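The values are calculated or read from the model by the stated rules, or taken from the named source; none is laboratory data. Because the structure is predicted, anything quoted here is derived from the model rather than measured. Using ideal geometry, Cβ is built from the backbone for each residue, glycine included, and neighbour counts are taken over all protein chains shown. The area values use the complete protein model at the heavy-atom level, side chains included, leaving out ligands, DNA and RNA. Shrake-Rupley method; radii C 1.70, N 1.55, O 1.52, S 1.80 Å.
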Amino acid sequence: MTTIDVDRLAEIGRNSLPDVTPGTKVNVVELEDGAGVCVVHAVRGGGKVYVAPDGTVLFAGSSVTFDAGLGAFVDGARTARPTGR
């Protein structure tokens, strides 16, 4: 089993979620087989971010189930990084 830095990945996920302030409560779920973490902003419209050990992410809106997002993430789907910043 691969060991991952859950705190580092959770911070990447927090920073990738829209409308999250330093005091916002999020849930962090460690994914199986060292695949990374999922950071869940558990409010209506909050969504979730799956974070791989290499720091790449997949954002999934609140309408996407955990399992559907996880399936896409494990299959390699990632959210493009914004350009022009």
Item checked: Neighbour net charge for residue 42 - beta-carbon separation under 11 angstrom, K R +1, D E -1 -> +3
Check: Taking Cα pairs under 8 Å and at least six residues apart, what relative contact order does the chain come out at, in percent?
Finding: 23 percent
Next item on the list: From the C-alpha gyration tensor of the stretch 6-75, pull out the three semi-axes of the equivalent ellipsoid (sqrt of 5λ each), sorted largest to smallest, in whole Å.
Entry: 17, 14, 9
Next item on the list: With a Förster radius of 25 Å, plug the Cβ-Cβ distance of residue 19 and residue 65 into 1/(1 + (r/R0)^6) and report the FRET value to the nearest 0.05.
Entry: 0.75
Notebook entry, point to check: Of all accessible surface on the stretch 1-51 at a 1.4 Å probe, what whole percent is carbon and sulfur?
Noted result: 48 percent
Next item on the list: Could you do me a favour and compute the accessible area per residue for the chain, 1.4 Å probe, result in Å²?
Entry: 63 Å²
